[in-house]
1. Those residues that are in contact with a strand residue (DSSP E or B) (Cβ under 8 Å, 6 or more places away or on another chain), in a loop (DSSP other than H, G, I, E, B) and at pLDDT 95 or above, I need them from segment 179-197; list them, please.
2. If you take the residues of segment 81-104 that are out of contact with any strand residue (DSSP E or B) (no Cβ under 8 Å at 6 or more places or on another chain) and of a type in the set (S, T, Y), which of them is modelled with the lowest pLDDT?
3. Is it the case that L142 is under 29 Å from H48 (Cβ atoms), hydrophobic (A, V, I, L, M, F, W, C), surrounded by 13 or more Cβ atoms within 10 Å (Cβ to Cβ) and touching a Leu at 6+ places or on another chain (Cβ under 6 Å)?
4. Specify the residue that is surrounded by the fewest Cβ atoms within 10 Å (Cβ to Cβ); the eligible residues are those in segment 146-158 that are closer than 22 Å to D122 by Cβ and in contact with a strand residue (DSSP E or B) (Cβ under 7 Å, 6 or more places away or on another chain).
5. Any residue in segment 159-172 that is under 16 Å from the mean Cα position of the chain (by Cα), in a strand (DSSP E or B), modelled with pLDDT of 95 or more and surrounded by fewer than 18 Cβ atoms within 10 Å (Cβ to Cβ)?
Amino acid sequence: MLNPLAGARFLTSAAQLSQLPAADRPELAFAGRSNAGKSSALNALVGHRQLARVSKTPGRTQLLNFFELPHGRLVDLPGYGFAKAPRTLREGWGDLIEGYLASRDCLRALVVVMDARRALTDFDRMMLGWAGEARLRCHLLLTKADKLTPSVARKTLREVERELPALHAQATAQLFSSQTKDGVDEARELLDGLLRE
């Protein structure tokens, strides 16, 4: 199957809203708790091993990173929750993320990346609730699903899907693994469709 998200390239990083590129193309933003596997998921989706920098240190992404596609952009947001960075810097990320999400007219959807081994966190719920209120499409990638047995992974997905309607009526969720590529084709197709809407 051809990868509809192939051809991604790094465009720019933004430390403040004034540095955002022109809002002239559809964008998908990737949000998630620090160390949930956002960068690995992005790399798997675009079929490029080192486009987004992967680190074992939580909170490595400290800027909004924009990746250009032939028909849109993917945006890697700083991780929320625990991060090995000074508190003032983490607070700045919050303002940056909030400002971007609230003001970006070209934003088509939010991709929330969560570790399948952990339940939805308060931060995840807050992000989903905000997206629901903003009527912004939302898709959850339950990453690292390969670390669970198939039955436990399916149980986790069912639990998340049960909780979703109260947080965001239109949100969808799926299991995903950057390592085994389970769920990658499904996610590519869905995200490509959102960019082209």
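The values are calculated or read from the model by the stated rules, or taken from the named source; none is laboratory data. It should be emphasised that the depicted structure is a prediction, and the values quoted were computed from it without experimental measurement. Don't worry about glycine lacking a Cβ; one is built from the backbone with ideal geometry, like all the others, and counts go over all protein chains shown.
1. Listed by number, the residues that qualify are D182, G183.
2. Filtering segment 81-104 down to residues out of contact with any strand residue (DSSP E or B) (no Cβ under 8 Å at 6 or more places or on another chain) leaves 83-92, 95, 98-99, 102-103.
The next check asks that each one be of a type in the set (S, T, Y); those that pass are 88, 103.
Values: T88: 51, S103: 90.
That would be T88.
3. Values: under 29 Å from H48 (Cβ atoms): yes; hydrophobic (A, V, I, L, M, F, W, C): yes; surrounded by 13 or more Cβ atoms within 10 Å (Cβ to Cβ): yes; touching a Leu at 6+ places or on another chain (Cβ under 6 Å): yes.
Here the answer is yes, as L142 does meet what is asked.
4. Filtering segment 146-158 for residues that are closer than 22 Å to D122 by Cβ and in contact with a strand residue (DSSP E or B) (Cβ under 7 Å, 6 or more places away or on another chain), the one surrounded by the fewest Cβ atoms within 10 Å (Cβ to Cβ) comes out as L157.
5. Among the residues of segment 159-172, at least one is under 16 Å from the mean Cα position of the chain (by Cα), in a strand (DSSP E or B), modelled with pLDDT of 95 or more and surrounded by fewer than 18 Cβ atoms within 10 Å (Cβ to Cβ), which makes the answer yes.
This table checks each residue for (1) out of contact with any Ser or Thr (no Cβ under 6 Å at 6 or more places or on another chain); (2) within 20 Å of E186 (Cβ to Cβ); (3) in contact (Cβ under 8 Å) with a residue 12 or more places away in the chain.
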residue: T121; (1), (2), (3): yes, no, yes
residue: R125; (1), (2), (3): yes, no, yes
residue: R135; (1), (2), (3): yes, no, no
residue: H139; (1), (2), (3): no, yes, yes
residue: K147; (1), (2), (3): yes, yes, yes
residue: P150; (1), (2), (3): yes, yes, no
residue: R154; (1), (2), (3): yes, yes, yes
